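Written out below as C-alpha cells is the structure these notes cover.
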Amino acid sequence: QVQLVESGGGLVQAGGSLRLSCAASGRTFSNYAMGWFRQAPGKEREFVAAMSRTGANIDYANSVKGRFTISRDTAKKTTYLQMNSLKPEDTAVYYCAATGGFYRNDRAYDYWGQGTQVTVSS
C-alpha cells in the first residue's frame with residue numbers, strides 16, 4: 001500500500017502561482033511513477049502531468065505544458081507540481097497518484113490522494 005497526501009492548494013488570482021505537494025508513505029516511493037490529475041466541477045478527471053520512477057521521463061497535458069512543472073524528491077518521498085501563469089480554467093481539485101508504469105490513463109494508477117482544491121480567480 002502507498003498512502004498519498006496532497007497539500008498546497010488554495011485561491012490565487014489569474015497569472016499567479018501555486019506549488020502542490022504530494023507526500024507518500026508506505027511502500028518504496030522510488031518503485032512508482034507519479035502522476036497529477038485534476039477534476040473540475042461537472043467534468044471528467046483529466047491528466048495533468050506524470051513523471052517516471054527515475055524522473056527520466058516526463059509528460060504533460062498540452063493545456064499545461066510550459067506553465068506547470070512536475071518534480072519529485074525521492075529522499076522526502078514527495079512529488080511536486082509547480083503551477084505558474086495560472087488561468088481560471090485551471091480551477092479544479094488536483095489529485096496525485098502512483099502507478100507501477102508510466103501512463104496518462106488514470107485507470108492505470110493504483111493509489112490516489114484525497115485531492116486539494118485549486119481555485120483561480122479572474
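Run the accessible area of the chain with a 1.4 Å probe and give the carbon-and-sulfur part as a rounded percent.
Numbers: 2780 of 6210 Å².
The nonpolar share, carbon plus sulfur, comes to 45 percent.
Find how much the distance from ILE58 to LYS43 grows on full extension, using 0.36 nm per residue of separation minus their present alpha carbon separation; answer in nm with one decimal.
Extra length available between ILE58 and LYS43 comes to 2.9 nm.
Heavy-atom accessible area per residue, the chain, 1.4 Å probe: how many Å²?
Using a 1.4 Å probe on heavy atoms only, each residue of the chain averages 51 Å².
Which FRET efficiency, nearest 0.05, do ASP73 and GLN13 yield, Cβ-Cβ r, R0 25 Å?
Efficiency, rounded to the nearest 0.05: 0.35.
I'd like the FRET efficiency for GLU89 and THR28, computed as 1/(1 + (r/R0)^6) with the beta carbon distance as r and R0 of 25 Å, rounded to 0.05.
0.10
By per-residue mean of other Cβ atoms within 10 Å, what is the highest-first order of 90-100, 40-50, 110-120? Spell out each step's value before the answer.
Values: 90-100: 21.6, 40-50: 15.2, 110-120: 17.3.
Answer by packing, highest mean first, reads 90-100, 110-120, 40-50.
log₁₀ I(q)/I(0) of the chain at q = 0.23 Å⁻¹, via Debye over equal Cα point scatterers, no solvent, to two decimals?
Summing over Cα pairs of the chain leads to -1.39.
The values are calculated or read from the model by the stated rules, or taken from the named source; none is laboratory data. Computed from a predicted structure; not experimentally measured. For neighbour counting, all protein chains shown are included, and Cβ atoms are generated from backbone atoms with ideal geometry for every residue, glycine included. What goes into the accessible areas is simple: the full protein's heavy atoms, side chains included, and nothing from ligands, DNA or RNA. Shrake-Rupley method; radii C 1.70, N 1.55, O 1.52, S 1.80 Å.
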